[in-house]
Amino acid sequence: MGQLTAQQLNALSVQFREIANTILDYRIAHPLLPADDADLEMLQNSILDSATELATQSAIQAGSEAAEAIQTLINVTGEIKTTIKGLENVTKVINIAAAVLKVAVCLTKVDFGGIKNGVKDLVDSLKN
């Protein structure tokens, strides 16, 4: 099996959290012997720990996937400034500025998918 994507890891994390919550609901809804409740609690907490680890791995994977886009952004910063300075068409300047803002917002939100898409849109706006 190949490496899981950030999206797959995140989806698994969400599903494991939901399973752990279902176990909690079961524990609340059913009268259990203390030993059984303790066993289920231990399993529930272990599942939650696994969900947290999957979420962490998802963020790491997504960060790796966005690293190339971030490097592209760093590389085109000079081109962005030069292009804007040489433009007469205000609409194109507005489009470039909007693309830069989109990337900036995604960076502040640590939205790796948005960063990748935003950098692609930014590079495209420089070409058009």
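Looking at residue 80, is it β-branched (Val, Ile, Thr), in contact (Cβ under 8 Å) with a residue 24 or more places away in the chain and more than 30 Å from residue 58 (Cα to Cα)? Criteria met by residue 80.
Based on what the data block shows, is residue 51 in contact with a Phe, Trp or Tyr (Cβ under 8 Å, 6 or more places away or on another chain) and closer than 30 Å to residue 120 by Cα? For residue 51, the condition - in contact with a Phe, Trp or Tyr (Cβ under 8 Å, 6 or more places away or on another chain) and closer than 30 Å to residue 120 by Cα - is not met.
Quick one: in segment 74-106, of everything that is hydrophobic (A, V, I, L, M, F, W, C) and within 22 Å of residue 7 (Cβ to Cβ), which residue is surrounded by the most Cβ atoms within 10 Å (Cβ to Cβ)? Going through the qualifying residues, I end up with 103. So which residues in segment 1-29 are in contact with an Asp or Glu (Cβ under 7 Å, 6 or more places away or on another chain) and modelled with pLDDT of 85 or more? Of everything in segment 1-29, just one residue is in contact with an Asp or Glu (Cβ under 7 Å, 6 or more places away or on another chain) and modelled with pLDDT of 85 or more, namely 27. Among residues that are within 22 Å of residue 103 (Cα to Cα) and either part of a helix (DSSP H, G or I) or in contact with an Asp or Glu (Cβ under 8 Å, 6 or more places away or on another chain) (or both), residue 52 is not included. Just one residue in the set 67, 38, 59, 55 is under 30 Å from residue 10 (Cα atoms), modelled with pLDDT under 90 and either in contact with a Leu (Cβ under 6 Å, 6 or more places away or on another chain) or surrounded by fewer than 15 Cβ atoms within 10 Å (Cβ to Cβ) (or both); that residue is 67. Looking across segment 106-128, the residues that are closer than 16 Å to residue 63 by Cα and of a type in the set (Val, Ile, Thr) come down to 108, 110, 115, 119. Might you let me know whether segment 112-120 holds any residue that is within 29 Å of residue 3 (Cα to Cα), loosely packed, with under 12 Cβ neighbours inside 10 Å, among the charged types (D, E, K, R) and within 22 Å of the chain's Cα centre (by Cα)? No, segment 112-120 contains no residue that is within 29 Å of residue 3 (Cα to Cα), loosely packed, with under 12 Cβ neighbours inside 10 Å, among the charged types (D, E, K, R) and within 22 Å of the chain's Cα centre (by Cα).
Being outside any helix (DSSP H, G or I), surrounded by 13 or more Cβ atoms within 10 Å (Cβ to Cβ) and hydrophobic (A, V, I, L, M, F, W, C) is a description that applies to residue 32. Can you find a residue that is over 20 Å from residue 104 (Cβ atoms) and among the basic types (Lys, Arg) anywhere in segment 26-35? Yes, that holds for at least one residue.
The values are calculated or read from the model by the stated rules, or taken from the named source; none is laboratory data. Everything quoted here is computed from the prediction, not taken from an experiment. For neighbour counting, all protein chains shown are included, and Cβ atoms are generated from backbone atoms with ideal geometry for every residue, glycine included.
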